[in-house]
C-alpha cells in the first residue's frame with residue numbers, strides 16, 4: 001500500500017540529508033508505528049507520503065514513493081490525498097471552517113460528491129470518532145482532543161484507504177490521547193492502513209510493525225516485541241520505552257520469563273497471576 | 001511563601017475558578033494536575049498576575065499580590081510557558097536571556113547570563129539564533145530567560161511535553177538541580193511519572209475546583225479520585241497496584257519489589 005524505494009532528501013545542497021536511503025513497505029490493512037528521537041526525520045517522512053515533499057516543500061529528493069502501486073511523483077498532491085489522509089500534530093493548522101459540518105463537507109465537496117452522499121459521509125465520520133453531537137459546533141470552541149477528532153473525521157469523509165498521523169496527541173491530556181488511539185485502532189480493525197508517528201512508544205506498542213529512525217536512517221524495523229527487546233539500544237538513541245516493557249526486560253534478562261510483555265493483561269498471564277485480571 | 005485564599009475567577013465564557021485555597025512553603029515542590037480545561041492554567045495565570053482574581057487573596061511572602069504589577073510578581077514567580085515559541089523573540093540566545101536583566105538594569109549582566117546558560121547547558125549556543133535551536137534546546141532557553149531573573153518560585157507548564165527522552169531527561173536534571181538550590185517548584189503536568197519524580201505533593205483540579213490536595217502516594221493510590229479527574233495511571237503503575245506493590249512508576253523499583261517477593 002505504501003512503498004518507499006531508496007528515498008533520500010535534503011532541504012538544500014548546503015545541508016546534510018534529513019533522510020537517507022529509506023526503503024520500506026506497508027501492506028494493506030497494516031498498522032505501522034514510526035518512532036525516533038527529535039530531528040531523526042519522522043515528520044519529513046510523513047510529508048513525503050502524500051508528496052508535499054518534494055512538490056510543495058522543495059529540496060534535493062531522490063528515490064521513489066508508491067501509494068497503492070502508483071508512483072506519486074506522477075500524481076498531484078490532491079490525487080494522492082484521496083487515498084492517503086495526513087493528520088498533523090496541531091489540529092488548528094487543519095481546521096478553518098465556521099462549523100464542524102462545513103469543515104467535514106469541504107473535502108468531499110471539492111471532489112464533486114453529491115450533497116446527499118456528503119451528508120451521509122459526515123454522519124458516518126462523526127459517528128466513527130464519537131462526535132455526532134458536535135455537528136453544528138464551532139471548531140474553535142472545541143477542546144484540543146475534540147479538534148483532533150474533527151481533524152480525523154474531516155479526512156475520513158474523503159474515504160481514504162490510508163491514514164497517516166504525525167504525533168497526533170502530543171498536546172493532549174492522557175484521556176484524550178487514549179481516545180484518539182482507540183479511534184485509530186478501530187479504523188485499523190475496519191481495514192484502514194494506518195501509519196502513526198510517535199516519539200512516545202506507548203501508543204505504537206499495538207502496531208503490527210515498528211520502524212525506528214535515527215539521524216535520517218532506518219536503524220530498526222520489526223514487530224513491537226522484536227523492537228522492544230532492544231530497550232537498551234532504543235534508550236541509547238533517545239527513545240522512551242514503555243515502562244511496562246522495561247520492567248519485563250528486567251525479568252527477561254534475569255531469566256524469570258521467556259519473552260517480554262507489552263501490556264498489563266499480557267503481564268498477568270506471563271507472571272501467572274491471571275486471576276487478578278478482574279482488577280484491571 | 002505563597003498563600004491562596006478563597007480565590008475566584010470567572011471568564012466571560014462562564015468558566016469559573018471556584019474558591020481555591022492552598023499554601024506553598026518555600027522549597028516545596030507541588031504538582032498541579034487535572035484534565036485539559038480543569039482550570040490549571042487559569043489558576044497559574046492568576047498567580048502570575050496575567051489574570052486578576054474576582055475575589056479572594058493571593059499572598060506572596062505575606063504581601064497582597066493583587067496590589068503588585070505583573071513585573072513585580074515576576075521577580076518572585078517565574079513562569080515558563082508550555083510552548084517556548086510563545087516566549088522567545090530575540091535574535092540570539094544571549095540577547096534573549098539578557099532581556100530581563102537589562103530591563104531591570106541589573107549589575108554584572110554578562111556574568112549572570114553566562115552562569116544561567118551554563119546551568120541550562122546552552123552556553124555553546126550563546127550566539128545562535130533561537131529559532132535554530134531544537135525543541136528541547138528552545139525549552140531550556142525559555143527556562144533560562146526566566147531563571148536569569150532569579151525567581152524564588154518557578155512555575156513550569158508541561159515542561160517535557162513533546163520532548164524526546166534525551167531532552168526530557170536533560171530538562172528534568174536541570175529542574176532537580178534547581179530544587180536542590182532550594183527553589184520552590186509548581187509543576188503543571190499530565191505526566192504522572194514526571195510529577196511523582198519531581199514533586200512531593202499534588203493538587204488535583206476538576207472543573208475549576210481543587211478536589212484533592214495531598215501527598216503523591218495518597219492521591220495516586222486513590223483510584224476513585226483519579227477516575228473523577230479522568231486521569232489514568234500509566235500501565236506500569238496499574239500493574240504494580242494489581243501486584244500489590246502500591247503505585248510504582250519506575251521499572252527498576254518494580255523489578256526489585258517483584259524479586260524480593262518472588263525469591
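Subtract the Cα-Cα distance of residue B:52 and residue B:129 from 0.36 nm times their separation in residues, and report this length gain in nm to one decimal. Show your work: numbers first, answer last.
On the way: separation 77, 0.36 × 77 = 27.72 nm, distance 3.47 nm.
Residue separation times 0.36 nm, minus the Cα-Cα distance, leaves 24.3 nm.
Want the number for residue B:11 to residue B:221: 0.36 nm per residue separation, take away the alpha-carbon distance, what's left? Display every interim value, and only then the final one.
Details: separation 210, 0.36 × 210 = 75.60 nm, distance 3.35 nm.
Length gained, residue B:11 through residue B:221: 72.2 nm.
With N denoting the number of residues in region B:165-259, provide Rg(C-alpha) divided by 2.2 N^0.38 Å, to two decimal places.
Ratio of Cα Rg to 2.2 N^0.38 Å: 1.15.
For a protection proxy built on the mean count of beta-carbon atoms within 10 angstrom, sort B:135-141, B:86-92, B:218-224, A:109-115 highest first, please.
Per-residue Cβ counts within 10 Å, averaged per peptide and sorted highest first, yield B:135-141, B:218-224, B:86-92, A:109-115.
Label residue A:232 and residue B:91 with points 7 Å out from Cα along Cα→Cβ: what is the distance between them in nm?
Spacing of the two 7 Å Cα→Cβ label points: 5.0 nm.
Can you give the FRET efficiency for residue A:99 and residue B:71, using 1/(1 + (r/R0)^6), R0 = 41 Å, r = Cβ-Cβ distance, to the nearest 0.05?
Using R0 = 41 Å, I get an efficiency of 0.50.
Per DSSP H run of at least 4 residues, take -39500 (n - 2.57); add these up for chain A, divide by its residues and hand me the 222 nm value, nearest 500 deg cm²/dmol.
Numbers: 11 runs with 102 residues, N = 280.
Calculated mean residue ellipticity at 222 nm is -10500 deg cm²/dmol.
Below 8 Å between Cα atoms, with a sequence gap of 6+, how large is the relative contact order for chain A in percent?
Rounded, it is 22 percent for chain A.
Cα centroid distance between region A:10-75 and region B:197-243, in Å?
Cα centroid to Cα centroid, the span is 41 Å.
Name the most mobile residue of B:233, B:165, B:60, meaning the one with the largest mean-square fluctuation, in a Gaussian network model of chain B with Cα contacts below 10 Å.
It is B:165.
Run the quick spin-label model on residue A:217 and residue A:25: label points 7 Å from Cα toward the beta carbon, then report their separation in nm to one decimal.
Those two pseudo-labels are separated by 2.4 nm.
Taking the Cα centroid of region B:77-126 and of region B:158-187, what is the distance between the two, rounded to the nearest whole Å?
17
Round to a whole angstrom and tell me the spacing of the C-alpha centers of region B:1-44 and region A:176-218.
Each part's Cα centre sits 35 Å from the other's.
For the peptides A:22-30, B:197-205, A:152-160, what is the packing order when you average, over each peptide's residues, the other Cβ atoms within 10 Å and list the highest mean first?
Going by the mean number of other Cβ atoms within 10 Å, highest first, we get A:152-160, B:197-205, A:22-30.
Quick one: which of B:23-29, A:43-49 comes out on top by average Cβ neighbours within 10 Å, and what's the full order, highest first?
Peptide ranking by packing, descending: A:43-49, B:23-29.
Dividing the Cα radius of gyration by the Kirkwood radius, what Rg/Rh value follows for chain A?
Across chain A, the Cα-based Rg/Rh ratio is 0.99.
Could you work out the Rg to Rh ratio of region A:1-141, with Rh taken as the Kirkwood radius (inverse of the mean 1/r over all Cα pairs)?
Values: Rg = 17.5 Å, Rh = 17.2 Å.
On the Cα set of region A:1-141, Rg over Rh gives 1.02.
Given contacts defined as C-alpha pairs under 8 Å and at least six residues apart, what's the relative contact order of region A:1-48, whole-number percent?
34
Which number do you get for Rg(Cα) / (2.2 N^0.38 Å) in chain B?
1.06
Residues of B:39-49, mean number of Cβ from any other protein chain within 10 Å of their own Cβ, rounded to a whole number?
Details: counts 0, 0, 0, 0, 0, 0, 0, 0, 0, 0, 0.
For this peptide, the per-residue mean of nearby foreign Cβ atoms is 0.
Compute the distribution of all C-alpha to C-alpha distances in the protein assembly as shown, in bins of 10 Å from 0, and list the percent of pairs in each, rounded to whole numbers.
3, 16, 25, 26, 20, 8, 1, 0
Over the whole of B:226-232, what's the average partner chain Cβ count within 10 Å per residue? Rounded to a whole number, please. Present the calculation step by step, with values, prior to reporting the outcome.
Working: counts 0, 0, 0, 2, 5, 3, 5.
Across the residues of B:226-232, the mean count of other-chain Cβ atoms within 10 Å is 2.
Using a 10 angstrom cutoff on alpha carbons, build the Gaussian network for chain B and name the most mobile of B:63, B:253, B:96.
Among B:63, B:253, B:96, the largest mean-square fluctuation in the Gaussian network model of chain B belongs to B:253.
Can you work out the FRET efficiency for the pair residue A:127 and residue B:261, with r the C-beta to C-beta distance and R0 = 45 Å, to the nearest 0.05?
0.45
Within 10 Å of each Cβ in peptide B:239-246, how many partner chain Cβ atoms are there on average? Round it to a whole number, please.
5
Just to be sure I understand: with springs between alpha-carbon atoms less than 10 Å apart, which residue in B:175, B:195, B:248 has the highest mean-square fluctuation in the Gaussian network model of chain B?
Residue with maximal mean-square fluctuation among B:175, B:195, B:248: B:248.
Please state the relative contact order of region A:1-111 as a whole percent: Cα pairs under 8 Å, 6+ residues apart?
27
None of the figures in this text is laboratory data; all of them are computed from the coordinates on show. Keep in mind that what you see is a predicted model, and the values were worked out from it rather than measured. Ideal geometry is used to build each Cβ from the backbone, glycine not excepted, and the neighbour counts take in all protein chains shown.
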